[in-house]
Each structure stands twice: as structure tokens, then as C-alpha cells.
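Here's the structure we're looking at; comments come further down.
A short reminder: the numbers here are calculations on the coordinates, not readings from a lab. This is a predicted model, so every value here is computed, not measured. As a convention, Cβ positions derive from the backbone with ideal geometry for all residues, glycine included, and neighbour counts pool all protein chains shown.
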Amino acid sequence: MAQFFSVHPQNPQMRLLKQAVQLIRAGGLVAIPTDSSYALVAPLDDKHAAEALRRLRGVDERHHLTVLCRDLAEIGQFAHVDNQQYRLLKAATPGPWTFILEATREVPRRLSHPSRKTIGIRVPDHPIALCLLEEMGAPLLSSTLIPANEDEPLNDAEQIRERYEHELAAVVDGGACPFEPTTVVDLTGAEPEVVRRGRGDPATLGIAG
């Protein structure tokens with residue numbers, strides 16, 4: 001049975017987030033609110049948690065999972081970033097964006113794309129997500145909470161708990177999210193390529209979307 005934590009969206013109660021982090025560290029999947037939509041998070045170094053996340057989402061190893069980072073500085077540990085990419089990331093983070101970048105050796109091989117060796121990278125702009133990352137003291141593996149064989153993310157914490165009460169360790173209820181997934185931009189080619197149009201407007205970054 002998934003635990004349920006009702007957390008203030010602007011001033012999160014740290015005692016509740018500490019409990020959620022304990023469940024994550026134990027290998028549990030937790031649903032959390034972000035600046036785009038609800039997301040699933042898991043420990044980055046837990047193979048079984050990553051497999052459970054993929055099963056719940058209904059995706060295989062070719063689907064880019066995301067490393068959820070605390071800030072721009074942390075991105076450099078998990079992705080190779082050149083000067084041009086860095087300027088774009090600096091303009092976009094924190095915010096509702098996921099960037100596809102070449103993974104470093106810090107990313108477990110099983111998490112990166114099997115042929116391209118790439119990974120999604122994101123810095124959320126949401127107090128609950130950022131406080132969880134700070135309490136965790138490390139990045140989290142993440143994916144938008146879009147149910148398998150569906151197109152829209154879930155946006156109601158009670159609905160998430162009812163639907164996945166046996167698959168999740170916890171649901172962090174921070175109220176409704178904007179109900180749009182992140183905009184996904186692939187930065188590994190000669191020019192940035194919008195892979196998925198979401199809440200982030202590519203025009204604000206000078207990207208043709």
C-alpha cells in the first residue's frame with residue numbers, strides 16, 4: 001500500500017519529505033509533483049527500481065529516462081556539456097525541460113540509451129522536487145508519470161494512489177501540476193532538435209519547435 005504525504009506546494013514539510021526520501025533510498029518508486037506534471041522518481045543506482053519504473057511506464061531500454069538534478073553544476077557529473085550546450089542549459093534551468101545529452105561514466109550503463117549512450121537531464125523548478133533532491137543529496141532517476149499505453153500524464157495525487165497503490169512506495173501530494181510534460185530537446189546533433197513539445201516554449205530558447 002502506497003504511503004500518502006500531503007505536502008504544502010510552496011513550503012514543504014521536511015519531516016514528510018524525509019520519510020519519502022527514506023522510501024526512495026530503500027528502492028521504492030515515489031510519485032512527486034514537478035513544474036510540468038507528476039513524475040516517478042527512484043534511486044539512480046538501484047537496478048530493480050529502474051526496472052520497476054520502466055514496467056509501470058510500459059517503456060523499454062530505448063526510452064530515455066531522466067536524471068533529475070538539483071542544479072546546473074550537478075548536470076556536468078552525468079552529461080558531457082560543451083560551451084554552446086551549457087549556455088542553453090543555463091537559460092533553461094530550472095524549468096520544464098528535459099535535455100538529451102551524451103552520458104558520462106557516472107550514469108549506469110543500463111540507464112543510458114543502449115546504442116546512443118545518451119540520457120535525459122532535467123532540473124525542475126518546483127519547491128517539493130528541489131527539497132526532495134536536496135534531502136536525497138544526490139540526483140534521482142525520473143520519468144513523467146504517463147501510464148502505459150496512454151498519452152496524458154496523471155495530475156491528481158489521489159487518482160495516482162488509487163491506480164498504483166501496490167506499485168508505488170509513496171505518493172507526495174503537492175496539489176495539481178500544470179498538466180503538461182516537459183519539452184524534450186535533443187542536444188546531441190548539429191542543432192537542437194525538439195523531440196517532444198511540452199510546457200517549455202522552444203522559442204524562448206531560440207530553438208525552432
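In nanometres, what is the gap between the two model label sites at R197 and D125, each 7 Å from Cα along Cα-to-Cβ?
2.0 nm
Students often forget the sequence filter, so: which lysines lie under 27 Å Cα-Cα from K90 once same-chain residues fewer than 8 apart are removed?
K117
Could you pull out every residue, at least 5 positions away or on a different chain, whose amide H is within less than 5 Å of the one on D173? Hs are placed 1.01 Å off N in the peptide plane, and Pro or chain starts have none.
F5, S6, V7
With a Cα-only, solvent-free Debye model of the chain, what are the log10 I(q)/I(0) values at q = 0.11, 0.15 Å⁻¹?
Listed by q, the Debye log ratios stand at -0.46, -0.88.
Of the options N149, T104, G174, report the single residue whose Cα projects farthest towards the positive end of the charge dipole of region 101-176 (beta-carbon charges: Lys, Arg +1; Asp, Glu -1).
Final value for the positive-end residue is T104.
Placing unit charges on C-beta atoms (Lys and Arg positive, Asp and Glu negative, everything else neutral), compute the dipole magnitude of the chain about its Cα centre in debye, rounded to 20.
500 debye
Where Lys and Arg each count +1 and Asp and Glu each count -1, what net charge lies around A49 among other residues with Cβ under 12 Å from its Cβ?
+1
E61 to E158: extension gain in nm, 0.36 nm per residue of separation minus the Cα-Cα distance?
Length difference between fully extended and current span is 32.0 nm.
Enumerate the lysines that K18 could reach by cross-link, defined here as Cα to Cα under 27 Å, with residues fewer than 8 away along the same chain left out.
K47
What FRET efficiency would be calculated for the residue pair A176, A138, taking the C-beta separation as r and a Förster radius of 30 Å, to the nearest 0.05?
After rounding to 0.05, the efficiency reads 0.60.
Once phi is turned into ³J(HN,Hα) by the Karplus curve 6.51 cos²θ - 1.76 cosθ + 1.60 with θ = phi - 60°, what whole-Hz value does each residue of region 118-127 show in order, with x for glycine and proline?
10, 8, x, 10, 8, 10, x, 10, 8, x
Report relative contact order for the chain in percent, whole number only (criteria: Cα-Cα under 8 Å, sequence separation at least 6). Please list the in-between numbers first.
Values: 463 pairs, mean separation 67.2, N = 209.
In percent, rounded to a whole number, it is 32.
If I stretch the segment between Q10 and R116 completely, what's the gain in nm (0.36 nm per residue apart, minus their alpha carbon distance), one decimal?
34.4 nm
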